[in-house]
Amino acid sequence: MALKILDHGSNEYRQMIKLRDEMLRKPLGLGFTDEEIEEEKDNMLIGAFEEDDMLGCCMLVEENPSMVRLRQMAVLNDLQGKGIGRALMNFAENLARDRGYKILSMHARKNAVGFYEKMGYKIAGTEFTEITIPHYVMEKQL
C-alpha cells in the first residue's frame, strides 16, 4: 500500500472525491458542490492506494498555525479493519507534525470514536449533531 499527498484536480483527487461521495455523502443524501471542491485546493489531501486503486483517504485543514483538523476520513467498506485507517492516520499525523502543527483535531462520527481513541485521541467536549449524525470533537497532541 502506498500513502501519498494528492494534487487538487488530479486524477487521484477525482478518485478521492468519488470515494468520499460514495462512503460519506450519498448515504446521507448529500453531494459535493463546486464551491466545496474549490475550497479544498489549499488542504493537505491524502490517499492510500494499491496500484492505481484508492483504498482510503483523508484531508488536513489548517485551523490556526498550531492546529490542523482531520476531515473526510474514508476507507472502502470491505477493507475496514485491515490497517488502512491506522496507516492514513499515522501518515496524516507525521505530515502535520513535519509542518509544525502541535494539535490534530477532528469532528469524529460517534460510531468511529473507538477507532480514534485507540489512536490516542481524546474527546474534547460534548456530543453534537453535524450533518444529521452524532459527532464529538476529538484531539491529540502531536
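Read-outs throughout are calculated quantities, based only on the coordinates presented, and are distinct from any laboratory measurement. Predicted, not measured: the structure shown is a model, and the values here were computed from it. Cβ placement follows ideal geometry from the backbone for every residue including glycine, while neighbour counts extend to all protein chains displayed.
Only Cα pairs under 8 Å and 6+ residues apart enter the sum, and on that basis the relative contact order of the stretch 2-141 stands at 19 percent.
Take the alpha carbon gyration tensor of the stretch 31-75, find the square roots of its eigenvalues, order them as a ≥ b ≥ c, and report rounded if a/c is under 1.5; if not, report prolate when a/b exceeds b/c, else oblate. Since a/c reaches 1.5 but b/c is at least a/b, the shape of the stretch 31-75 is classed as oblate.
If you put +1 on each Lys and Arg Cβ and -1 on each Asp and Glu Cβ, how big is the dipole of the chain around its Cα centre, in Debye rounded to 20? Provide the component values of the computation, followed by the final result.
Working: 19 positive and 24 negative charges, 140 e Å.
I would put it at about 680 debye.
From its DSSP helices (H runs of at least four residues, each -39,500 (n - 2.57)), the chain gives a residue-normalised ellipticity at 222 nm of -7500 deg cm²/dmol.
Restricting the calculation to alpha carbons of the chain gives Rg and Dmax of 14.3, 41 angstrom.
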